[in-house]
Amino acid sequence: MVGLTDIALILGALSGALYGLIFLQSQPSLSRSSVKTLPLATLALLAWSAGAPWLLAAALGLSALGDLSLSRTGERAFLLGLGAFLAAHLAYIAVFFAVFELPSLYAQALAMIIVVPIGLAAARLIVLYAPQDLRLAVGLYCFVISLMLLCALAVANQSLLLALGSILFVFSDFCLGFALFRRADLSPGQEKLFAHLVWWSYLGAQALLFWALV
């Protein structure tokens, strides 16, 4: 028998697919914002109802707020979305260590060897191309998401899903930053490709993090 949880998951998945297939590059509208926000709002409610750590529900809910903000246009909406996702990553970091054991020094060192070059590459390829008044905010965001990846990889031996979800999340944000701030370097076809890479890898990342932590 199909329960309410199954129905909610199906609706969230259908909404995510609908956004990716129909609304991805459409003009801002109430319908577009609603469809984009529903998948993560659904996961947040499911995490809360399943008795998962409240920090996970908070991370997913903040991500839904970020999706809503980034579905609109303008610098204010962008900064609100950036702030919501920054807070979501901090919540994810906190829940990682609430659920998993503290990593060994070896795991921490190995994670740093992997993550530090990624952070430097993001600074070189994205932050320096952001508008002058946004560089501090974008740089801070890149630092926090790199920290999230660092923490995830440090406990990777305890959850493969967590590691894969975090890697996909960073990949999605890297593609988003590149598409936003290096748009002049992209053809229309490449812009469309990046839009799809951002959305589908983001959905996959959040789904993997959800299943790893619920």
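The values are calculated or read from the model by the stated rules, or taken from the named source; none is laboratory data. No experiment lies behind these values; they were computed from the predicted model shown. Neighbour counts run over all protein chains shown; Cβ positions are idealised from the backbone, glycine included. Keep in mind that these areas ignore ligands, DNA and RNA; they rest on the heavy atoms of the full protein, side chains included. Shrake-Rupley method; radii C 1.70, N 1.55, O 1.52, S 1.80 Å.
Sorting Arg76, Arg124 by accessible area (1.4 Å probe), largest first, what list results?
From most exposed to least exposed: Arg76, Arg124.
What does the highest-first list of 35-42, 152-159 look like by mean Cβ count within 10 Å?
Those peptides, ordered most packed to least, come out 35-42, 152-159.
Only Lys, Arg, Asp and Glu count, each charged at its Cβ (+1, +1, -1, -1), so figure out the dipole size of region 41-150 about its Cα centre, rounded to 20 debye. It would help to have the intermediate numbers written out before the result.
Numbers: 4 positive and 4 negative charges, 37 e Å.
That gives a dipole near 180 debye.
Its alpha carbons considered, region 20-71 gives a radius of gyration followed by a Dmax of 12.1, 37 Å. Dipole magnitude for the chain: computed about the Cα centre from +1 point charges on Lys and Arg Cβ and -1 point charges on Asp and Glu Cβ, it is near 380 debye.
Karplus-based coupling profile of region 33-45, in residue order and whole Hz: 5, 5, 5, 5, 7, 4, x, 6, 4, 5, 5, 4, 5, with θ = phi - 60° in 6.51 cos²θ - 1.76 cosθ + 1.60 and x standing for Gly or Pro.
With coordinates expressed along the principal axes, the C-alpha atoms belonging to region 27-153 extend over 49, 43, 16 Å, beginning with the largest.
Keeping all protein chains in place, calculate the accessible area per residue for region 124-214 (probe 1.4 angstrom), answer in Å².
Numbers: 4300 Å² over 91 residues.
That works out to 47 Å² per residue.
For region 68-214, rounded, prolate or oblate, judged on the Cα gyration tensor with a ≥ b ≥ c (square roots of eigenvalues), a/c < 1.5 rounded, else prolate if a/b > b/c? Here region 68-214 falls in the prolate category. Converting phi to 3J(HN,Hα) with the Karplus coefficients 6.51, -1.76 and 1.60 and the offset θ = phi - 60°, region 57-70 yields 4, 5, 4, 5, x, 5, 5, 4, 5, x, 4, 4, 5, 6 Hz in sequence order, with x at every glycine or proline.
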